[in-house]
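Here is the structure we will look at.
The values are calculated or read from the model by the stated rules, or taken from the named source; none is laboratory data. Here the structure is a predicted model, which means the values were calculated and not measured. FYI the Cβ positions are ideal-geometry reconstructions off the backbone, even for glycines, and counts take in every protein chain you see. For accessibility, only protein heavy atoms count, side chains too; no ligands or nucleic acids. Shrake-Rupley method; radii C 1.70, N 1.55, O 1.52, S 1.80 Å.
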Amino acid sequence: MFAIETDSLTKRFGARIGVFDLALRVPTGSIYGFLGPNGAGKTTTMRLLLGLLRPDAGDVRLLGRSLARERRGALSGVGAFVESPSLYDHLSGETNLDMTRRLLGLPKREVARVLEIVGLRAAASRRVGGYSLGMKQRLALARALLGTPQLLLLDEPTNGLDPDGIIAMRDLVQSLPDRVGATVFVSSHLLAEVERVATVVGLMRGGRLVLQAEIGALQAGGRRVRIELDDAARGVAVLQGLGMEAVAAGAGALHLHCPGADQVAVLTSRANVALVGAGIAVFALVPEPWTLEQVYRESEALAA
């Protein structure tokens, strides 16, 4: 089952496309990293998923329910914050949460429960105006956790945070599926953070979803081989002379790029034979997994 499914989801703003023909598949229990540069359509997608914008075409299903036909039921199991969280700075963290708790008709113990999850019990009685940005983000997450939602939608939760705040929020988000049993859909433009926390990734460019895959499958599908040898410059010349794509990676190594993951073994073997035959000593042949940065760079071609 998918926690989020969209089919042909499209939203235009006049002549500009916000999101086009979007087909999201977010597995239940996953942490789905929703990536893209600024203006790619991430926040527009978030607003469509939460019913804050009406699509021009397509459908959204949350936890198996159609947002168009069962809006209240579809959103009943969803917690979210989109863009900068709105909090009352003159009130305490606990009071901020208690206001939402009352609106949702939840028991008082919910406030203590979510404060414990986000690590703000000690600061609960302090005015939010004195909180750091990282603490405010965690308070916003605590508010999204009220009522034990099955699905969390988090828009740029590490935006503007310092390194300590980023690490704290990353660890917190990563713990949520096991700790509260929620599927987490988190948008970000920070590739390294998504790579550390997500189990599935979707990549947006120009309002279109250009890639959607499990992180493990991407990393296993590496198409680059690091070859350590005694003369990188000569090695590059030999391999390029055979039509292979090779670039130096320092004086003692080169990278062999393969057109497809299924060609890595064959091309690595050929490269090794060619290099040794040319009198170049080869010390190591190391297939390298794709990083999310490599995937992101290659997605530019997919979006063109």
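Ignoring ligands, DNA and RNA, what percent of the accessible area of the chain is carbon or sulfur (1.4 Å)?
Carbon and sulfur: 51 percent of the exposed surface of the chain.
Let me know the shape class of the stretch 244-295, please: from the alpha-carbon gyration tensor, a ≥ b ≥ c as square roots of the eigenvalues, rounded when a/c is under 1.5, otherwise prolate if a/b is greater than b/c, or oblate.
Here the stretch 244-295 falls in the oblate category.
If one computes the Cα centroid of the stretch 233-267 and of the stretch 15-83, what distance in Å separates the two points?
Distance between centres, Cα-based: 42 Å.
Please work out the ratio of the alpha-carbon Rg of the chain to 2.2 N^0.38 Å and round it to two decimals.
1.22
Points 7 angstrom from Cα along the Cβ direction at Ser76 and Thr199: gap in nanometres?
About 2.6 nm separates the two model spin labels.
For the stretch 119-206, count all C-alpha to C-alpha pairs, find those more than 21 Å apart, and express that count as a whole percent of the total.
Counting every Cα pair in the stretch 119-206, those more than 21 Å apart make up 31 percent.
Rounded to whole Å, give me the distance from the Cα center of the stretch 163-209 to that of the stretch 127-141.
Using only Cα atoms to place each centre, the spacing works out to 19 Å.
Per residue of the chain, what 222 nm ellipticity follows from adding -39500 (n - 2.57) for every DSSP H run with n ≥ 4, rounded to the nearest 500?
It comes out at -11500 deg cm²/dmol, rounded to the nearest 500.
When the chain is treated as a GNM, springs tying every alpha-carbon pair under 10 Å, which of Gly241, Gly134, Gly181 comes out with the largest mean-square fluctuation?
So, out of Gly241, Gly134, Gly181, the one fluctuating most is Gly241.
Suppose a student asked you for the relative contact order of the stretch 69-133, using Cα pairs under 8 Å spaced at least 6 residues apart; what percent would you report?
Relative contact order, the stretch 69-133: 42 percent.
Rounding to the nearest 10 and keeping the result within 0 to 90°, find how far the Cα-based axis of helix 232-241 lies from the longest principal axis of the chain.
It works out to around 80 degrees.
Packing-wise, with mean Cβ within 10 Å as the measure, how do 90-96, 275-281, 152-158 rank, highest first?
In decreasing order of mean packing, 90-96, 275-281, 152-158 become 152-158, 90-96, 275-281.
Can you compute 3J(HN,Hα) from phi for each residue in the stretch 105-116, using the Karplus curve 6.51 cos²θ - 1.76 cosθ + 1.60 with θ = phi - 60°, rounded to whole Hz and x for Gly and Pro?
Rounded to whole hertz, the list is x, 9, x, 4, 5, 4, 5, 5, 4, 6, 5, 5.
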